[in-house]
1. Out of the residues in segment 78-97 that are more than 12 Å from Ala141 (Cα to Cα) and surrounded by fewer than 11 Cβ atoms within 10 Å (Cβ to Cβ), which is modelled with the highest pLDDT?
2. Write out, first by first residue and then by second, each pair whose Cβ atoms fall under 8 Å of each other, whose residues are 6+ apart or on separate chains, and whose first residue, in segment 6-22, is at positive phi while the second is part of a loop (DSSP other than H, G, I, E, B).
3. Just to be sure before I move on: is Arg33 modelled with pLDDT of 95 or more, crowded, with 19+ Cβ neighbours inside 10 Å and of a type in the set (Lys, Arg) in the structure I sent?
4. Being more than 21 Å from the chain's Cα centre (by Cα) and touching a residue at least 12 places away in the same chain (Cβ under 8 Å) is the filter here, so list the residues in segment 78-99 that pass it.
5. Does Arg56 satisfy the criteria of being in a strand (DSSP E or B), within 30 Å of Ile155 (Cα to Cα) and modelled with pLDDT of 95 or more?
6. How do the pairs read when you match residues in segment 112-128 that are closer than 12 Å to Gly97 by Cβ and in contact (Cβ under 8 Å) with a residue 24 or more places away in the chain with residues anywhere that are assigned to a helix (DSSP H, G or I) and not aromatic (Phe, Trp, Tyr), using Cβ under 6 Å and keeping only pairs 6 or more apart or on different chains?
7. Regarding segment 182-199, can at least one residue be identified that is free of Cβ contacts under 8 Å to residues at least 12 places away in the same chain, in contact with a strand residue (DSSP E or B) (Cβ under 6 Å, 6 or more places away or on another chain) and not small (Gly, Ala, Ser)?
Amino acid sequence: MPHGDYRYEIRRDGRVAAYEDLRLTPDRLTGVRRAAEGGDRHEVEAEIDSDLLVRRMVLRYLRGPFSRSAVYEGGDEFLRGALIAMGSRNDLVVKLGRFREVDGDLILFKALIIARARARGQTWFTGRVAILDPNTLIASAHKQTYRQREGSDSIWIYEPRMGDSETIELDHRGVIVRRRDNRGTETVLVSAPDAQPEG
């Protein structure tokens, strides 16, 4: 994927519910998702290595005067972190899967997961992914499936859990241009480096 600034709109029932503004550089992925009418903010700063794997993450959740933050370090087998909220600190440890995938709950994390699968020559994989909850900032590991739709190298199906599915559409560079889930939520690319906005 090209380095630079990205913006996505998250739409529910045809109305913009939230925005994601992100920046990708050779060693960092940063972004914020904010509600269209104020309220929650989910912020992530992730350091990534040359294999596009997350090495370190700083996360923040803000809602009015309330905030919490977390810092996670990725190792070979575990994601270790500390959650700070209301003056208290909790240490957390999550075992990573064999591909060491981490999802900070912004759309470019899914693009990186798919990019690594394609680099491995995979059109389908099921594995453990460390998921960061955007509200609690607590990490947990879940088995998830990513698979390329048969007959199309630009459409991937993402199954976060049993009974749920999302369709992810990529352009020729691996940039996600559209994402739809089975509950009617749609995420649409508005701007990207050297890319035209989607409708």
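1. Asp91
2. Asp13/Gly184
3. Numbers: modelled with pLDDT of 95 or more: yes; crowded, with 19+ Cβ neighbours inside 10 Å: yes; of a type in the set (Lys, Arg): yes.
Against the criterion (modelled with pLDDT of 95 or more, crowded, with 19+ Cβ neighbours inside 10 Å and of a type in the set (Lys, Arg)), Arg33 qualifies.
4. So in segment 78-99, the residues more than 21 Å from the chain's Cα centre (by Cα) come out as 84-91.
Matches in segment 78-99: Ile84, Ala85, Met86.
5. yes
6. Qualifying pairs under 6 Å: Phe125/Ala117.
7. Yes: one or more hits.
The values are calculated or read from the model by the stated rules, or taken from the named source; none is laboratory data. For clarity, every value in this text was computed on a predicted model and none was experimentally measured. Note: ideal-geometry Cβ built from the backbone for every residue, glycine included; neighbour counts use all protein chains shown.
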